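Heads up, the thing below is written out as structure tokens.
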Amino acid sequence: MSIEFDNNLPIYLQIMNYLKREIVRGGLKPGDKIPSVRELAADLQINPNTVQRTFQELEREGIVETRRGLGRYVTSEGSKIMTIKKEMASELLEHFIRGMQELGFKEQDIMSIVSEAVKEDVNQESR
């Protein structure tokens, strides 16, 4: 696992976001075992307490579950994963729309730009 850390955001949040992205995109599947605190801390070269905090937060959010004596696993609850996916998409859209509005674009302009970009992307994928 490789994460390029941003000095402006707490490391535990960056690890949480990385793991959430891996889960919603399917890199970590429901029921998959997550590396231990020690393994992940060694891999990322960070303090184990930071990883522990990350896992506590993920567990509090219901994204991972601890199985006593076996470790931590991605939740098998598909609806929870879909909820996380929708929340992440909503955050991206909110950031994008705010940025476009700050550039002076109106709703119809934003819709046209997005529509054209999607068509372009589809055309490039079909080549």
message: Looking at the structure I just gave you, is GLY31 on the phi > 0 side of the Ramachandran plot and either assigned to a helix (DSSP H, G or I) or free of Cβ contacts under 8 Å to residues at least 24 places away in the same chain (or both)?
response: no
- prompt: Restricting attention to the stretch 25-41, and to residues there that are surrounded by 14 or more Cβ atoms within 10 Å (Cβ to Cβ) and of a type outside the set (Asp, Glu), which single residue is nearest to VAL74 (Cα to Cα)?
  reply: PRO30
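Which ones in the stretch 1-35 are touching a strand residue (DSSP E or B) at 6+ places or on another chain (Cβ under 7 Å) and farther than 12 Å from VAL64 by Cβ? Write out each step before concluding.
Step one: of the stretch 1-35, the residues touching a strand residue (DSSP E or B) at 6+ places or on another chain (Cβ under 7 Å) are 23, 28-34.
Correct list: LYS29 only.
Got a sec? Which of LEU9, LEU13 is of a type in the set (A, V, I, L, M) and assigned to a loop (DSSP other than H, G, I, E, B)?
On the way: LEU13 fails: assigned to a loop (DSSP other than H, G, I, E, B).
Among LEU9, LEU13, only LEU9 is of a type in the set (A, V, I, L, M) and assigned to a loop (DSSP other than H, G, I, E, B).
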- line: If we take the stretch 47-127, then helices (runs of 4 or more DSSP H) inside it with 2 or more residues that are loosely packed, with under 10 Cβ neighbours inside 10 Å are 78-102, 107-125
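Conditions (1) among the acidic types (Asp, Glu); (2) under 22 Å from the mean Cα position of the chain (by Cα); (3) modelled with pLDDT of 95 or more, marked per residue:
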| site | (1), (2), (3) |
| --- | --- |
| ARG67 | no, no, no |
| TYR73 | no, yes, yes |
| SER76 | no, yes, no |
| GLU102 | yes, no, yes |
- prompt: Can you pull out the residues in the stretch 34-63 that are of a type in the set (A, V, I, L, M) and touching a residue at least 24 places away in the same chain (Cβ under 8 Å)?
  reply: ILE34, LEU40, LEU44, ILE46, VAL51, LEU58, ILE63
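The values are calculated or read from the model by the stated rules, or taken from the named source; none is laboratory data. A quick note: this is a predicted structure, and the numbers were derived from the prediction, not measured. Positions of Cβ are backbone-derived with ideal geometry, glycine not excepted, and every protein chain shown enters the neighbour counts.
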